[in-house]
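One structure is given below, encoded as structure tokens.
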């Protein structure tokens, strides 16, 4: 099931929203914008009954009407658009994802799939059905900002690529830190393999009793200090290892006994041959070049650390000059929303 969700996150997200998640409506800031017109130095977004609505006014109105999350969504959309350039790969991926989403909606709502999708997209701040690909491109840009944040804060996050070997508790045995005779014998077989020169991955394939990771050489993934889905003793031991180091046996009262390997804990090793690279073009936009494999930061934020989204977007918003035009109430509310402060 986890594999399905990871591969089809965009379908699941839209389906969940449609199923009843409370969302909000955000006016499309490009609609009705009066090109070149300003009031007190601010761009006029649109005009109603001869009243000019500026960017600051729209943000303030959204905050009072729909709350902090409504403004945050608009800020995220704007920041992603300003900070990251659209690439051909983003367009290609968005087209493929859009086709998958549309096919899913056609299957579930054959009579009015377009209307259903349009409703969801409007609630998420887009004009309607035709903006599906743009939504997916914006989401990809947001993802790039979060990955870049993880890279920039690599050391404080203690990012690690981890593999392990698990020896489970014997059936019907007492779960104690001291292994029984049967458990100790299986643990010794692992120790003998490693002492005899076997690569950790080979020893994991031959001896690990976790069927989900053993075929992949015990590979778990990329974790950090914010990871909350792993056994606490396991995570603490994993984060304490130097690159290439293998732990002693780590006792977990929930699973058994682990030998853990730190496969990578430097940016150079983690990113080698896989990570995306970025550079700033003459227009001040960040252009992304994708490597040959999956980004380790994609793996981190997709599986083990989902806490970086807001803080990464807030930092990027500050970097590109988010200005609340003196609205201290809104600024304080949004800072708390994004950072918890």
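One line per residue, one yes/no per condition, for (1) within 15 Å of residue 131 (Cα to Cα); (2) surrounded by fewer than 17 Cβ atoms within 10 Å (Cβ to Cβ); (3) within 19 Å of the chain's Cα centre (by Cα); (4) not assigned by TED's automatic domain parsing to the domain that holds residue 130:
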position	(1), (2), (3), (4)
73	no, no, yes, no
77	yes, no, yes, no
80	no, no, yes, no
84	no, no, yes, no
87	no, no, no, no
94	yes, no, yes, no
101	yes, no, no, no
105	no, no, no, no
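At pLDDT 90 or above, over 20 Å from the mean Cα position of the chain (by Cα) and in a loop (DSSP other than H, G, I, E, B): is that true of residue 254 in this structure?
Details: at pLDDT 90 or above: yes; over 20 Å from the mean Cα position of the chain (by Cα): yes; in a loop (DSSP other than H, G, I, E, B): yes.
In short, yes.
Going through the stretch 304-331 one residue at a time, which ones are at pLDDT 90 or above, farther than 15 Å from residue 76 by Cβ and in a helix (DSSP H, G or I)?
Once the filter is applied, which keeps residues that are at pLDDT 90 or above, farther than 15 Å from residue 76 by Cβ and in a helix (DSSP H, G or I), the stretch 304-331 yields only 304.
Looking only at residues that are in contact with a strand residue (DSSP E or B) (Cβ under 9 Å, 6 or more places away or on another chain) and at positive phi in the stretch 194-228, which one is surrounded by the most Cβ atoms within 10 Å (Cβ to Cβ)? Can you show your working first?
Step one: of the stretch 194-228, the residues in contact with a strand residue (DSSP E or B) (Cβ under 9 Å, 6 or more places away or on another chain) are 194, 200-201, 203-204, 207-210, 213-214, 216-224.
Next, from what is left, pick out any that are at positive phi: 217-218, 221.
Values: 217: 18, 218: 26, 221: 19.
So the residue we want is 218.
From (1) modelled with pLDDT of 90 or more; (2) exposed (fewer than 12 other Cβ atoms within 10 Å of the Cβ), pick out the condition that doesn't hold for residue 301.
Unmet condition: (2).
Before we move on, is residue 95 in contact (Cβ under 8 Å) with a residue 24 or more places away in the chain and touching a strand residue (DSSP E or B) at 6+ places or on another chain (Cβ under 8 Å)? Talk me through it step by step, then tell me what you get.
Values: in contact (Cβ under 8 Å) with a residue 24 or more places away in the chain: yes; touching a strand residue (DSSP E or B) at 6+ places or on another chain (Cβ under 8 Å): no.
So residue 95 fails the test.
Hey, can you tell me all the residues within the stretch 229-254 that are under 20 Å from residue 177 (Cβ atoms), in contact (Cβ under 8 Å) with a residue 60 or more places away in the chain and exposed (fewer than 14 other Cβ atoms within 10 Å of the Cβ)?
Of everything in the stretch 229-254, just one residue is under 20 Å from residue 177 (Cβ atoms), in contact (Cβ under 8 Å) with a residue 60 or more places away in the chain and exposed (fewer than 14 other Cβ atoms within 10 Å of the Cβ), namely 253.
The values are calculated or read from the model by the stated rules, or taken from the named source; none is laboratory data. Because the structure is a prediction, the values reported are computed rather than measured. With ideal geometry, Cβ positions are generated from the backbone for all residues, glycine too; neighbour counts draw on all protein chains shown.
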